[in-house]
Amino acid sequence: MYSRFLAMYNISSLKYILLSAALFLSAALKAQFHIIPQPVSIKAGSGSIVLAKNAVIGVNKETEPVGRYLQDYLNQNYNLQATVKVYEQIPAKTPIRLNNVWSNQEGAYTMHVSNASVSISGNGAGVFYGVQSLIQLLPTDKGVPLKVAACTIADQPRFGWRGLSLDVSRHFFTVDEVKKYIDVMAHYKLNTFHWHLTDDEGWRIQIDKYPKLTEVGAKISYYAKRGEFRKLDNLIDDGRDGFYTKDEIRDVIKYAQDRFVTILPEIEMPGHSEAAIFAYPQLGCQDSTGAKHRVRMLDPGEYTFKFMEDVLTEVIELFPNQYVHIGGDEAEMVDWLKSPTAVSLMKREHLKNEKEVQSYFIKRIEKFLLSKNKRLVGWDEILQGGLAESATVMSWQGEAGGIAAAKMRHHVVMTPLPYMYFDAPQANEDLEPIGWNPPVTWQMVYNYEPQSKELTNAEAEYILGAQGNIWNEKVPNAQHLQYMVYPRALAVAELTWSPKNEKNLDRFGWKMKNQYGLFKLWDFNARLPDIDGIDDVVTNKSRFKVTLNYPLKGAKVRYSLNGKMPDANSSAVAFPVKINVPLKDSIGLRTFTTWTLNDQHIRQTANVKRVTIRVAHVKAANLKPGIAYEIFKTKEQQIARLEGEKPAETGVTSLVVPVKSTGDETINWVKIKGFIKINKEADYELTSGFEVTPALFLDAVPVIKPGLNTYVEHQNALLHLKKGVYALTGNYMANKANENQTLIELKVDGGEKLYPKFYLVH
Ligand code: TNX
C-alpha cells in the first residue's frame, strides 16, 4: 500500500486523486467476492445462480473425491442434498461441473459461474481449490437460497509451501480438534500442516519399538503433578496429556490428503527432548561426574542414534510426505562439553566445538533420512557448525538464517519472528490473553514478504514459501487455539498464494471481516475484529464525537467513558454507537465487544486528550515548499542527548527522508522541522503512516507519541485548524522498516488525503 502511494506522489495531485479513486473502485469490485486468498484474476459476470436443493455435481473419475467433499460440505452446512454423478464427459447442462484438466502448475484452476451453472476445472488440487473459492462465495446464513454471483476466476498459487504449524506437545489436542484445524486451513488453500509431535512437555506419537515414549512420555503432566517430573511452570495450567495411536495418525493423514494438505511430522532432536529422556533415561546427556542434571539434550552416542533411527523408521512408514522435520532448535549444546560421550565423539571425529557436534548429529540423521528417500527439514540453528548438504531450513529467528541458507542454494521456508508467530497477542497485550510479546497484528503478518530484498532473483527461487507457527505453552484448549491462529492465518494464506502485486491491505481487511459468517457456520472461534476508530486522540476541539460501527451483524458493545473496563455484566448496546460528549481535558474510552461466537469478547481502550494549538507567527509568503530535515549518525539511543550536535546530513523533502543505512550499529536519528500550511478552516486528521510511530509535534504540542505500533495503538490528531501555518517538528530513528513509509498523513476529517507537496513548508 505504501509503495502504491509513493509511486503516486510523483504525479500531479489531480491525477493522484483520480488514480486513487480508480484503484479503490477496482479493488472494491473485486472485493465483492471477498475470496481469501485473493485469486490471480477474478471478473464479475452478470446475474447469479441459485444452487437447487437437489443439485447435481457432475464429476470425472479423478474429481469424484472432491465432488463427494463438496456434497458433504453442502449437506453438513446447509442441509442441501446434492447428488454426485460420475461421467466420462460431464454434460454441459450439469449445474455443478468439476472437470479434471491437466496443468503443470500444481493447484491451478479456473472457475466459471454463469446464471445456469458452476464449472470448475483444474488439476488434482486445483479442482479442490476451485471448490474452496465456490464455498467462499456461498451465503453464510442458513435457510437462505444458495445464491452465487456470476464470475470468472483464473487462479494458481504463488508458493508451493503454504504452512501452518501445531504444537501438540505443550498441550495435547484430540484427533477431532486436529482435523478441524486442518479442515479450516484447507478452506484457505493452506497446504502444509507442520505437526510438532514431540517436545519437553510431551511425546505424542505411538512408536511400537519404544512403548514407554507414550506410556510415560505422553503423560508428563500426570508425572509432574505427582512430583516425579519438574514443575511445568512454563505452561499456563497443568498441561493436557495424550498421544495419537498409529491408526489415529493414519486417519488424520487420510483426512488431510482428502483436503490436499500434506503433513510434515516433527520429531525434535537433539534438544527439546525431555519427555523422551524421561521415558528412556539412557538417551539423555550425563555430565562427567555421572550426575543427571536437568536433561533436555540427547547424548550423541550410538544408543541415541540407533533409537532415533528406529523412531524415524516408524515415522517414515506412516507419513507419505517427502520431508521430515527433525527440530534442531535451541539445543543446549554446552551440556555436551560435560558429556563423556560427546567429548570422546569430538576427539574421534575431530570436532572443534559443540556446534560441530550438533552439525555431526544432524548430518548423521540426514544421511539416514536420505537412505530412506526422505529430505530433512530443520530450524535455522542447523546452520551452526556447518549445514547438512540437502537440508531445508525453516527460518524462525528472524530471516537471517533463511537468507543465509538461500544464498547457499538451500531450500528455505520462511517462518520468522515476529510476523509468523501466533503465540504473540494480536492486539494490545494488556487487553489480550497472555502470549509472548510483543503483539503481532494481522496487518503485520499480511505485510510480510517471504522473498527478501536481500536475495537475488535466483536465490529467491529457493524460498519454498512461508508458514505461521503456534506454540501452545499458553494455549490450553482448541477454542483458544482457534482464537490465536485466526484471523492471522488468513494473512499467511493470502501472502503465500496471491501474486505479490495483488497485495492490498485495505481490501484484505474488508474480506477478512467477511469470513466471520463462515466461522460461525463452522463453529470456529477466530478472534473477533476490532472496532475501527478506537484511536488515541489528541484534539483541540471542545467536544469528542465518534460513531462506532461494527462489521458483524448482531454484535453488542459495553462501553464506559472515564469508567472501569466493562465486562459481561455491564449493560450492552447495539452498534452503531454514537458518542458525543463535551471534552474538558481527557477522556478514557473502554469497550467490551461480543458477537455470537462462543461468548468470545474483545476489549479495546483509547484516550482522548484536549490540547491547544496556536497558529505560528510567520509570513506564509516567506516559506518555501518542503520540510527541512537533519540526519544524525550516532550510537546515542536518546534523542535529547543530541542537542547541540552537528547533523551528518541536512536537506529538504516533501515525502521521504533519504537515509542511507550504514549496515553497522549506527543509529540514524532524523529530525524534521517546518510548518503545515492550512488554506481553509476545517477539521483535519493528522496521523503517521509509520508502522512504529515517530514523535510529531504541532505548535510544540506532542500530537503523535513515538515508538508505538500503529496497528496496536492507533493514534490520531483530530484538529480544528484555521487558515494559517502551524509549526511542525518531529523525530524518529530511521531503519529499513520505515524507509518507504509515509511520515505524515494529513486529511480533511472524513475526507481525502492531502498532497504533502502542498501543505509541507519550511
Ligand atoms: C522457541 S520457535 C521454540 C519453541 C517454543 C517457543 C516459545 C522454535 C523453533 N522453538 O519450542 O515453544 O520458543 O517458547
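Bear in mind that the values in this text are calculations on the coordinates, not laboratory data. For clarity, every value in this text was computed on a predicted model and none was experimentally measured. All Cβ positions, even for glycine, are placed from backbone atoms using ideal geometry, and neighbour counts span all protein chains on display.
A few points about this structure:
- Förster-model FRET efficiency, 45 Å R0, Leu505 and Glu330, C-beta, rounded to 0.05: 0.85
- Sequence-distant aspartates and glutamates (8 or more away, or on other chains) whose Cα lies within less than 15 Å of Lys219: Asp199, Asp200, Glu201, Glu228, Asp237, Asp238, Asp241, Glu274
- Cα long-axis angle, helix 354-371 against the chain (0 to 90 degrees, to the nearest 10): 60
- Around the amide H of Ser688, modelled in the peptide plane, lie the amide H atoms of Glu745, all under 5 Å away and 5 or more residues distant in sequence or on another chain.
- Size of electric dipole in the chain: Cβ of Lys, Arg +1 and of Asp, Glu -1, about Cα centre, debye, nearest 20: 2860
- Rounded to the nearest 500, the 222 nm mean residue ellipticity of the chain from helices alone is -7500 deg cm²/dmol, with -39,500 (n - 2.57) taken per DSSP H run of at least 4 residues.
- On Cα atoms only, tilt of 340-349 relative to the major axis of the chain in degrees: 90
- Each peptide in 52-63, 493-504, 338-349 receives the mean, over its residues, of other Cβ atoms within 10 Å, and ordering these scores from highest gives 493-504, 52-63, 338-349.
- Cβ-based charge dipole, the chain, positive-most Cα from Val261, Met414, Gln443: Gln443
- Between Ala149 and Lys541, the distance separating the two model label sites (each 7 Å from Cα on the Cα→Cβ line) works out to 3.3 nm.
- Kirkwood hydrodynamic radius of segment 307-450, from inverse mean 1/r over distinct Cα pairs, in Å: 17.0
- Rounded to 10°, Cα long-axis angle of helix 488-497 versus longest principal axis of the chain: 80
- Working note: Karplus 6.51/-1.76/1.60 with θ = phi - 60° gives segment 672-684 the couplings 10, 8, x, 9, 9, 9, 10, 8, 9, 5, 5, 8, 10 Hz, where Gly and Pro are set to x.
- Sequence ranges 594-601, 360-367, ranked by mean other-Cβ count within 10 angstrom, highest first: 360-367, 594-601
- Full extension of the chain between Asn580 and Lys757 gives 60.3 nm of extra length, using 0.36 nm per residue less the Cα-Cα distance.
- Looking at the chain, the DSSP beta bridges with both ends there are about 65 percent antiparallel.
- The distance separating the Cα centre of segment 475-537 from that of segment 741-762 comes to 30 Å.
- Sequentially through segment 534-551, phi angles give Karplus couplings (6.51, -1.76, 1.60; θ = phi - 60°) of 8, 10, 5, 10, 10, 9, 9, 8, 8, 10, 10, 10, 7, 10, 8, 10, 9, x Hz, Gly and Pro residues having no value and appearing as x.
- Of all DSSP-defined beta bridges confined to segment 161-521, some 10% are antiparallel rather than parallel.
- Measuring spread by the Cα atoms of the chain yields a radius of gyration and Dmax of 28.7, 86 Å.
- Working ranking of peptides 465-473, 64-72 by packing, defined as the average number of other Cβ atoms within 10 Å per residue, highest first, is 465-473, 64-72.
- Among the listed pairs Lys246/Lys306; Lys147/Lys189; Lys545/Lys736; Lys180/Lys355; Lys254/Lys556; Lys556/Lys757, those beyond 31 Å (Cα-Cα): Lys545/Lys736; Lys180/Lys355; Lys254/Lys556; Lys556/Lys757
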